[in-house]
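The values are calculated or read from the model by the stated rules, or taken from the named source; none is laboratory data. Computed from a predicted model, the values in this text were never measured in an experiment. All Cβ positions, glycine included, derive from the backbone under ideal geometry; neighbour counts span all protein chains shown.
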Amino acid sequence: MKVFYWSPFFTKIATITAVINSAKSLLKYNKKNEYSVSIINAIGEWNDYKKTINENIDFKDLSKKNYTGLIPSGGFLKSRFSYIFIFIFSLPKLLRLINSEKPDYLVIHLITSLPIFLSLFFNKKTKIILRLSGLPKLNPLRLVLWKLFAKKIYKVTCPTESTLKTINEHKIFDERKIYLLKDPIISIKDIIKLKNEKLNIDIAKNKYILGIGRLTTQKNFELLIKFYIKLIKEYPEYKLYILGDGEDRIMLNSLIQKHQLNKKVFLLGHKNNIFKYLKRADCFILSSLWEDPGFVLVEAAATNTNIISSNCPNGPKEIINNNDFLFENGSSDDLLNKFKIYKNKSDIDLVNQKIRNKKKIKFYTLFQHFKNLNSILNHNNE
């Protein structure tokens, strides 16, 4: 069976890992050799990854040129414009590719409403599997369009129970088509190797709190810095390191300068290996306004790191599930309160919480993802 993935992007996002690992899982655990896997490269966004992926994953190039540098990114309106541009730009070539190669399945991430419309033009052989995450904004127009074309979608997958529940409540798709499919975020073997790599001595010698993610409104690092301003009045020994890049960098740098935190708070940029930072962190804090489920939360749990998270939609509570380590979404005061609770926990309490976190993330491995995805691909509800 031919499985194609279509997940265009224009900035570094966690979904890239989900797509690569999903494709890897189908090839790695496919003992009957029943799957061939391809990733559609719409505008050159996958060019850099071709060189690093060793598995037998084929890339289908829709363009000879790389247009990613020309695509605007940052902010809701720019990202919506960019996805519409990618869709219109690649539509004719995409249709030709699908209708000529006739894959059995087209697995779509990130773009949601447009592929539902696109399904009208596909050959009947290709079945669309749509991954929905992040509680899509179901405005009246989108609801009408989705309900109009929903029958054309073969299966719908959701990465968290909360998203699955929301999609079911709107009764857009036949419930028999909707599945919980957790993302393949972690490879234990890879994490063991990566977390033991050497960390810069100037960082490793410090006691630090860690934040990781794109520097965007969603990740809410402004709140993390405001919390830290309050924190160091009682815990001056801590430094704050934030890994990631994005459009909020200038604003966050201004906040750091304003409060004279140049020697205490550091924006370290994007890092390919976050695990060596997680391993040595006193605590990882997820400050996001929303997630689904929050890849870095799973990665932190897999690295055996202490975690405090915002109780945001959609996913952190499914992993942490302990109110002592969940703070009110958007509240730096409650985050400070939960940090104090964390500091007063005994070593055995912290170890037990780490064990509970690890039990929750066992469903995010490549093997578990393969088992579930393989079942979905081979289960016909029609």
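Lys147 fulfils the conditions (1) surrounded by 18 or more Cβ atoms within 10 Å (Cβ to Cβ); (2) basic (Lys, Arg); (3) not in a strand (DSSP E or B) except for a single criterion, (1). Taking the range 176-192, which residues are surrounded by 12 or more Cβ atoms within 10 Å (Cβ to Cβ) and at pLDDT 85 or above? Passing the criteria: Lys177, Ile178, Tyr179, Leu180, Leu181, Lys182, Asp183, Pro184, Ile185, Asp190, Ile191, Ile192. Looking across Asn329, Asn374, one residue alone is surrounded by 12 or more Cβ atoms within 10 Å (Cβ to Cβ) and touching a strand residue (DSSP E or B) at 6+ places or on another chain (Cβ under 8 Å). It is Asn329. Whenever a residue of the range 289-302 is of a type in the set (Phe, Trp, Tyr), its partners that are part of a helix (DSSP H, G or I) and at pLDDT below 90, lying with C-beta atoms within less than 9 angstrom and at least six residues away or across chains, give the pairs Phe295/Ala14; Phe295/Thr15; Phe295/Thr17; Phe295/Ala18.
In the range 33-62, the qualifying residues are those that are touching a residue at least 24 places away in the same chain (Cβ under 8 Å) and among the hydrophobic types (A, V, I, L, M, F, W, C), and the one that is surrounded by the fewest Cβ atoms within 10 Å (Cβ to Cβ) is Ile53.
In the range 1-19, of all residues being in contact with a Lys or Arg (Cβ under 9 Å, 6 or more places away or on another chain) and assigned to a loop (DSSP other than H, G, I, E, B), the one that is modelled with the highest pLDDT corresponds to Ser7. Taken over the range 149-193, the criterion of being touching a helix residue (DSSP H, G or I) at 6+ places or on another chain (Cβ under 7 Å) and of a type in the set (Asp, Glu) is satisfied by Glu161, Glu175, Asp183. In the range 345-366, the residues that are assigned by TED's automatic domain parsing to the domain that holds Leu326 and under 14 Å from Cys283 (Cβ atoms) reach residues that are surrounded by 15 or more Cβ atoms within 10 Å (Cβ to Cβ) and among the hydrophobic types (A, V, I, L, M, F, W, C) with C-beta atoms within less than 7 angstrom, at least six apart or across chains, in these pairs: Gln353/Phe325; Asn357/Ala301; Asn357/Ile307; Asn357/Ile319; Asn357/Ile320. When Ile203 is tested against (1) under 18 Å from Leu268 (Cβ atoms); (2) at pLDDT 95 or above; (3) not in a loop (DSSP other than H, G, I, E, B), only condition (2) is not met.
Being surrounded by 20 or more Cβ atoms within 10 Å (Cβ to Cβ) and either among the charged types (D, E, K, R) or free of Cβ contacts under 8 Å to residues at least 12 places away in the same chain (or both) is the filter here; which residues of the range 224-263 pass it? Scanning the range 224-263 gives a single hit, Asp248.
Residues that are assigned to a loop (DSSP other than H, G, I, E, B) and under 18 Å from Lys362 (Cβ atoms) were ranked within the range 302-352; the one that is modelled with the lowest pLDDT is Gly315.
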